[in-house]
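Engineer: Below are the structure tokens for one structure; questions will follow.
The values are calculated or read from the model by the stated rules, or taken from the named source; none is laboratory data. Everything numeric here is computed off the predicted structure, so don't read it as measured data. Quick reminder, even Gly has a Cβ in these numbers, built from the backbone with ideal geometry, and neighbours come from all protein chains shown. Just the protein is used for accessible areas: all its heavy atoms, side chains included, with ligands, DNA and RNA removed. Shrake-Rupley method; radii C 1.70, N 1.55, O 1.52, S 1.80 Å.
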Amino acid sequence: LPWPVDGVVTERFGKHMHPVYTNVELPQNNGVTLTVRRGARVQAVYNGTVTQIFVLPGYNQCVLVSHGSYYTLYTKLKTVSVKSGSKVSTGDQIGTVDTIGGEDLFHFELWNGSDPQNPELWLKH
């Protein structure tokens, strides 16, 4: 699958130790977080249907896309270019990344039903 946005992975999938407090385990990261350029364009990684658009504190606007039994979640968006129920194709614009707290970060998740998947195993290297 193509990456949803150009950027550098700054937080990987899974459980990790805190970078400063090395004996503190951080909560499970169900996706990947990328540092991107300001206002970066986010695109659909595969054909699907927009299931839901919602706002989550700290994640701003979020778009959930259904691909059969799989789902992709695009978060930390400033603008959303799709509507709930819209069909999207690979490469279609989902929205643009927001600047939150001075940082340009995008968070992406891929799920098989209720099981989070490591997006880096699915996305082109």
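Engineer: May I ask which residue of M17, N60, G85 lies farthest towards the positive end of the charge dipole of the chain, with charges of +1 (Lys, Arg) and -1 (Asp, Glu) on Cβ and the Cα centre as origin?
Structural biologist: Working it through, the farthest residue towards the positive pole turns out to be G85.
Engineer: Now for a different question. How many percent of the accessible area of the chain is carbon or sulfur, using a 1.4 Å probe?
Structural biologist: After summing per-atom areas, the C and S share lands at 52 percent.
Engineer: Which lysines have a Cα less than 23 Å from the Cα of K15, not counting those fewer than 8 places away in the same chain?
Structural biologist: Filter leaves K76, K124.
Engineer: Let me ask something additional. Which whole-number percentage describes the relative contact order of the chain, with Cα contacts under 8 Å and a sequence gap of 6 or more?
Structural biologist: Relative contact order, the chain: 28 percent.
Engineer: Now, a different point. Based on Cα positions only, what radius of gyration and what Dmax would you give for the chain, in angstroms?
Structural biologist: 14.1, 45
Engineer: Continuing with this model, one more query. What does the accessible area per residue of the chain come to in Å², with a 1.4 Å probe and no ligands, DNA or RNA counted?
Structural biologist: Heavy-atom accessible area per residue stands at 55 Å².
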